[in-house]
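**Student:** First the structure, which I've put down as structure tokens, then a few questions once you've had a look.
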Amino acid sequence: MHDHRRLGRELELFDTDPLIGAGLPYWLPDGAAVRHALEEYVRGAERRAGYRHVCSPVLGKRELYEISGHWSHYSDDMFPPMDLGGEQVVLRPSLCPHHALIYRSRAHSYRELPLRMAELGGMYRSELSGVLGGLTRVRAIQLNDAHIFCTLDQVAEEARAALELILEAYGALGIRPARYRLSLPGPGGKYVAGADMWQRATALLIDVLDGFGAPYEAAEGEAAFYGPKIDVQIADGAGRETTLSTVQVDFHQPERFGLHYIGPDGAKHRPVMVHRSIVGSVERAVAHLIELHGGAFPAWLAPTQVLVLPVSDAEMPRAAGFVRRCVDQGLRAEIAGPEHGTLGARVRAGRLVPYQAVIGAKEAVDDRVALRLRDGRRPETALPAAEVLTRIGALVGAHSTDLWDTDTRA
Ligand SMILES: [Zn+2]
């Protein structure tokens, strides 16, 4: 595997500046294109799975985190509060408390459950400067988060569906899970009290893992402070494991925030919160994708999807027209004209781009392009430009990891 920090600089995906600070990378246009493609994919997958999205601010009053339990269990990882007109506000260390308040702001009937609330939102962690590096340990995090408010009977099905969603995303991203981990509390950690609550949540997650048929290992000391979780572990080239995706069962925060729904009996009942993340933090997910693919992203994620190569200046207008048609279809396309060197040099410079469309004198005459796929395959003859657009558009739209829809002979 590759080092995402080195590749991130070489491919101009992201960078840092000492004046912005350690652990606060910024995204360059190509990196932002990858990130936005990932975020749009996640939102689409969530919408199809019945989630509705909300937006909430990255600040909250200190009191909010005292109620949630973050202040007493998690403040070592939080930025110090800011004094603001006699109040203290903090940069949020997680999205859960905001979502609990959004749930609480309206009355809910059992008929609305499970209520799936999602947000790709910012949160902040005061990581020590010694452990910061690239995109894997950052202080400003964009989290793919969601909270499912549901009845106890619905927890297992919602957790199972979340695992399915994670695997579906891994398929599109080319990621393979290394193993599933049941993360339990361990000695010395800061966890909320309630032996019965921990036991019930753990039993639920074990049922989900058993039903899912995935072998897993239990690990002590890896739970969230409010409950146990299933972590989907991934490994880097050196075999080091990290977590992107998690599914957690939480009885604690619904209690702390006094959440309820009206049951069929007309009485108030406490919902359970299932916290789940498909790709985890966008920063860490992109870091892993850079290392996994060495910058050769699946076509739907690639910063430039189509590189258009006019053989000579004479084909520049045709090439520019083809770029325009790509862009109109929602594809990210660039032109690399003869001013960038010989055709061979331009082909090599664009070796990470999934599709190269060469337009010579012959192709220009009848609106065709000679296509070169990143994996070396080339359709035998130049194809009509409209057909190329349709086929690439379909593969990108389906979030396929295949570059072409049929075997093509080189
Ligand atoms: Zn949460």
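No value in this document is a laboratory result; all are computed from the given coordinates. Remember, predicted model here, so these are calculated numbers, not experimental data. With ideal geometry, Cβ positions are generated from the backbone for all residues, glycine too; neighbour counts draw on all protein chains shown.
**Student:** Using alpha carbons only, how many degrees (0 to 90, rounded to 10) separate the axis of helix 385-397 from the longest principal axis of the chain?
**Tutor:** 20
**Student:** Would you mind ranking Asp328, Asp15 by Cβ crowding within 10 Å, fewest neighbours first?
**Tutor:** Asp328, Asp15
**Student:** To the nearest 20 Debye, how big is the dipole of the range 1-109 about its Cα centre, given +1 on the beta carbon of each Lys and Arg and -1 on that of each Asp and Glu?
**Tutor:** 620
**Student:** Excluding same-chain residues fewer than 8 positions from Lys190, which lysines have a Cα within less than 18 Å of its Cα?
**Tutor:** List returned: Lys229.
**Student:** Rounding to the nearest 20 debye, state how big the charge dipole of the range 306-397 is about its Cα centre with +1 on each Lys and Arg Cβ and -1 on each Asp and Glu Cβ.
**Tutor:** Around 340 debye, computed over the range 306-397.
**Student:** Continuing with the same structure: Helix 195-212 sits at what angle to the longest principal axis of the chain, using alpha carbons and giving 0 to 90 degrees rounded to 10?
**Tutor:** Here the helix axis deviates by roughly 30 degrees.
**Student:** Under the rule a/c < 1.5 gives rounded, and otherwise a/b versus b/c splits prolate from oblate, where does the range 75-178 land using the Cα gyration tensor?
**Tutor:** The shape class here is oblate.
**Student:** So for Asp250, Asp83, fewest C-beta neighbours within 10 Å to most, what's the order?
**Tutor:** Lowest count first: Asp83, Asp250.
**Student:** Compute the distance in nm between two label points, each set 7 Å from the Cα along the Cα-to-Cβ direction, one at Arg111 and one at Asp83.
**Tutor:** 5.2
**Student:** Now a separate question. Stretch Glu157-Ile262 to full length: gain in nm at 0.36 nm per residue minus the Cα-Cα span?
**Tutor:** Going from the current span to full extension adds 35.7 nm.
**Student:** Now, a different point. Between Ser126 and Ala178, what length comes free when the chain is fully extended (0.36 nm per residue of separation minus the Cα-Cα distance, one decimal in nm)?
**Tutor:** Net length gain for the segment: 15.9 nm.
**Student:** Give the residue from Leu259, Ala146, Gln329 lying farthest towards the positive end of the charge dipole for the chain; charges sit on Cβ (+1 for Lys and Arg, -1 for Asp and Glu) and the dipole is referred to the Cα centre.
**Tutor:** Gln329
**Student:** What fraction of the DSSP beta bridges in the chain is antiparallel, stated in percent and rounded to the nearest 5?
**Tutor:** If I count the DSSP bridges inside the chain, around 75 percent turn out antiparallel.
**Student:** Write out the trypsin sites (Lys or Arg not before Pro) in the range 61-144 meeting two conditions: DSSP loop, and at most 12 other Cβ atoms within 10 Å of their Cβ.
**Tutor:** Arg106
**Student:** Still on this model: What FRET efficiency, computed as 1/(1 + (r/R0)^6) with R0 = 35 Å and r the Cβ-Cβ distance, is obtained for Asp328 and His2, rounded to the nearest 0.05?
**Tutor:** The computed FRET efficiency comes out at 0.55.
**Student:** Karplus couplings for the range 72-84 from phi (6.51 cos²θ - 1.76 cosθ + 1.60, θ = phi - 60°), rounded to Hz, Gly and Pro as x?
**Tutor:** Using θ = phi - 60°, the values come out as 8, 10, 9, 5, 4, 9, 9, 5, x, x, 9, 7, 9 Hz.
**Student:** Any chance you could check the Cα centroid distance between the range 284-347 and the range 1-40 for me, in angstrom?
**Tutor:** 19
**Student:** Right, something else. Can you grab the distance from the C-alpha centre of the range 376-407 to the C-alpha centre of the range 80-144, Å, no decimals?
**Tutor:** If we compute the Cα centre of each part, the gap is 41 Å.
**Student:** Using a 10 Å cut-off around each Cβ, can you sort Tyr226, Tyr74 from fewest to most neighbouring Cβ atoms?
**Tutor:** Listed from fewest to most nearby Cβ atoms, that is Tyr74, Tyr226.
**Student:** Mind putting a number on the dipole of the range 4-293 about its Cα centre? Charges go on the C-beta only, +1 for Lys and Arg and -1 for Asp and Glu, and I need it in Debye to the nearest 20.
**Tutor:** Charge dipole, the range 4-293, about its Cα centre: 360 debye, nearest 20.
**Student:** Using Cα atoms only, what is the angle between the long axis of helix 316-328 and the major principal axis of the chain, expressed in degrees (0 to 90) to the nearest 10?
**Tutor:** Taking Cα atoms only, the helix is inclined about 20 degrees.
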